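Peer 1: Please find one structure pasted underneath; my questions will follow.
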Amino acid sequence: MEERKKFSTRLIHGGSEPCRETGSLIPPIYQTSTFVFENMEQGACRFSGEEEGYIYTRLGNPTLQQLEEVIADLEGAEAGLSFSSGMAAISGVLMGLVRSGDHILCGDGVYGCTYGLLGYLQDRFGVIPDYVDISDEDAIHQAIHPNTRVIFLETPINPTMKIADLHQISKIAKGKGAQVVVDNTFATPYGQRPIELGADFVIHSATKYIGGHGDVIAGLAVGRKEEIDFLRKSTLKDIGGVLSPFDAWLLLRGLKTLEVRMDRHRMNAMAVAEFLEGHPRVTRVFYPGLSSYPQRALAARQMDCFGGVISFHVTGGLEGARQVLDQVKLCHLTVSLGEVTTLIQHPATMTHSAIPEPERLRMGVTDDLIRISVGLEDVTDIIADLQSALEEVEG
Ligand code: 3LM
């Protein structure tokens, strides 16, 4: 049996054979909305499923398929599916798994729009979302009910960087008939592979590290073939949040450098986290690579790379955060993360502002919390920018 190639080789060669007809090193983009049939019989057979082949890009496209095969391979899953955004992937997977009256158990922190989606599913469709402290095994056991269909986890959580023990939670879920869905956006498949730890589905906002360059909005999901096929034919096809072939091509290009980018993100983030930790205006820093990180042992066991996102608390509350964010120059004041440029933002008033205050505070998203996605610039320049911005914070 041929030995499985290493991660970086699979990133670069995955699905990317030179084109046989033209010799083109990079496969062409199938930038088409539809596919021509040879005759009516063939069209009918494609629709009935008697014949395999493309019909219409919302139902499948060679460029999307190439991306879906690569992400499934990197995550160690049977099959993959692409969506027009991370939120389309999350809603597509969740709506394919739950029915009215089902319970979705979430970790105690999710991206603001995921929180919004769960509220919408509750109000309109009678799904019951619930949040639990993912570091408390007894609490997880107690929070799972007979109608719990899904355990939804971000790990690390955006933006608090808290992590979930995927092996332990997947084991608990298996015994209770719930499916574990992991949003792996922050870690990427280079940093952590939830399927290998027992999860059922992995989701990405591919807008972030997978694309890596801040020029595309996209989502991905992987899981067992049968279930991914079901999602393809139901929530992707009929709700219709399909990715454009050009954006899939951008992701395929971004993926080739995922490993080298993540290594540099990690090194830069570690240096920034250490700098922040030693700064008198910073009261607390959360980065899994730090020895002070509360879940250090779990992070080391579960993750191969801690990525580039750091969150930290500053003195002076909301005003302290404002003084830093209004002063940075090299770091761009913007939402999103995981790209070559360093991005900094204020979760309480931006990415997580849709979460009602008491819930937001319970999740640890306080007014003095800043999130930084450390980019690939020279780290001394990033630190110098933060240093001068932090000087603005009054005691
Ligand atoms: C952000 N996050 O700045 P898209 N899952 C996770 C995410 O962080 C995100 C999504 C899913 C941010 C976006 S806020 C207006 C900007 C863990 C997005 C959703 O649909 O591709 O944006 O992914 O934290």
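Peer 1: Along each of its three principal axes, how wide is the spread of alpha-carbon positions in the chain, in whole angstrom units, largest first?
Peer 2: Principal axes ranked by extent give 76, 53, 41 Å for the Cα atoms.
Peer 1: If you filter the range 57-144 for trypsin sites (Lys or Arg not before Pro), then keep DSSP loop positions with at most 11 other Cβ within 10 Å, what is left?
Peer 2: R99
Peer 1: Taking the range 198-252, which trypsin sites (Lys or Arg not before Pro) meet the DSSP loop condition and have no more than 15 other C-beta atoms within 10 Å?
Peer 2: Within the range 198-252, the qualifying trypsin sites (Lys or Arg not before Pro) (loop, at most 15 other Cβ atoms within 10 Å) are R224.
Peer 1: In addition: What order do F125, F7 take when sorted by accessible area (1.4 Å probe), most exposed first?
Peer 2: Putting F125, F7 in descending order of accessible area: F125, F7.
Peer 1: Another question, if that's okay. Let me cross-check T283: its accessible surface, 1.4 Å probe, with only protein heavy atoms counted, in Å² to the nearest 10?
Peer 2: In the full protein context, T283 sits at about 90 Å².
Peer 1: Helix 245-255: angle to the longest alpha-carbon principal axis of the chain, degrees 0 to 90, nearest 10?
Peer 2: That works out to roughly 50 degrees.
Peer 1: Also, I was wondering about something else. Determine the share of the chain's accessible area contributed by carbon and sulfur atoms, expressed in whole percent, with a 1.4 angstrom probe.
Peer 2: With neighbouring chains kept in place, the figure for the chain is 53 percent.
Peer 1: Okay, moving on. Pairs of Cα atoms under 8 Å, at least six residues apart: use those to get the relative contact order of the range 281-393, whole percent.
Peer 2: Relative contact order of the range 281-393: 32 percent.
Peer 1: Placing unit charges on C-beta atoms (Lys and Arg positive, Asp and Glu negative, everything else neutral), compute the dipole magnitude of the range 61-186 about its Cα centre in debye, rounded to 20.
Peer 2: 360
Peer 1: Write out the GluC sites (Glu not before Pro) in the range 307-395 meeting two conditions: DSSP loop, and at most 11 other Cβ atoms within 10 Å of their Cβ. Could the numbers behind the result be given before it?
Peer 2: Details: sites: E319, E339, E359, E377, E391, E392, E394; in loops: E339, E377, E391, E392, E394.
Here the GluC sites (Glu not before Pro) that fit, given the DSSP loop and packing criteria, are E394.
Peer 1: Could you give the dipole magnitude of the range 259-390 about its Cα centre, charging the beta-carbon of Lys and Arg +1 and that of Asp and Glu -1, in debye to the nearest 20?
Peer 2: 320
Peer 1: Still on this structure: To the nearest 10 degrees, how steeply does helix 379-390 sit against the main Cα axis of the chain, on a 0 to 90 scale?
Peer 2: Helix 379-390 sits roughly 50 degrees off the main axis of the chain.
Peer 1: So what is the 222 nm mean residue ellipticity for the chain from helices alone, if each DSSP H run of at least 4 adds -39500 (n - 2.57) and you divide by all residues, rounding to the nearest 500 deg cm²/dmol?
Peer 2: Result for the chain, helices only: -11500 deg cm²/dmol.
Peer 1: Per-residue accessible area for R193 at 1.4 Å probe radius, Å² rounded to 10?
Peer 2: Rounded to the nearest 10, that gives 50 Å².
Peer 1: Got a sec? What order do F37, F246, F275, F230 fall in by accessible area at 1.4 Å, biggest, i.e. largest, first? Don't skip to the end; give the middle numbers.
Peer 2: Numbers: F37 70, F246 90, F275 35, F230 110 Å².
If we order F37, F246, F275, F230 from most to least accessible, we get F230, F246, F37, F275.
Peer 1: If the reach is capped at under 24 angstrom between alpha carbons, list the lysines near K171, excluding any in the same chain fewer than eight residues apart.
Peer 2: K162, K225
Peer 1: How much of Y56 can a 1.4 Å solvent probe reach, expressed as accessible area in Å² and rounded to 10?
Peer 2: 90
Peer 1: Further question on the same structure: Please determine, in degrees from 0 to 90 and to the nearest 10, the orientation of helix 166-176 with respect to the longest principal axis defined by the Cα atoms of the chain, where the helix direction is its Cα long axis.
Peer 2: Helix 166-176 sits roughly 60 degrees off the main axis of the chain.
Peer 1: For the full complex of protein chains and a 1.4 angstrom probe, list T114, T349 by accessible area with the highest value first.
Peer 2: On the way: T114 0, T349 80 Å².
Order by accessible area, largest first: T349, T114.
Peer 1: If you average the C-alpha positions of the range 73-95 and of the range 1-32 separately, how far apart do those two centres end up, in angstrom?
Peer 2: Between the Cα centres of the range 73-95 and the range 1-32 lies a distance of 21 Å.
Peer 1: Quick check: Cα centre of the range 317-395 to Cα centre of the range 115-144, how many Å?
Peer 2: 28
Peer 1: If Lys and Arg each add +1 and Asp and Glu each add -1, what is the summed charge of the other residues whose beta carbon sits under 11 Å from the beta carbon of A218?
Peer 2: Combined, the nearby Lys, Arg, Asp and Glu give -1.
The values are calculated or read from the model by the stated rules, or taken from the named source; none is laboratory data. Fair warning: this is a prediction, and the values are worked out from it, not measured in the lab. Using ideal geometry, Cβ is built from the backbone for each residue, glycine included, and neighbour counts are taken over all protein chains shown. Note: accessible area is taken over every heavy atom of the protein model, side chains too, but ligands, DNA and RNA are not part of it. Shrake-Rupley method; radii C 1.70, N 1.55, O 1.52, S 1.80 Å.
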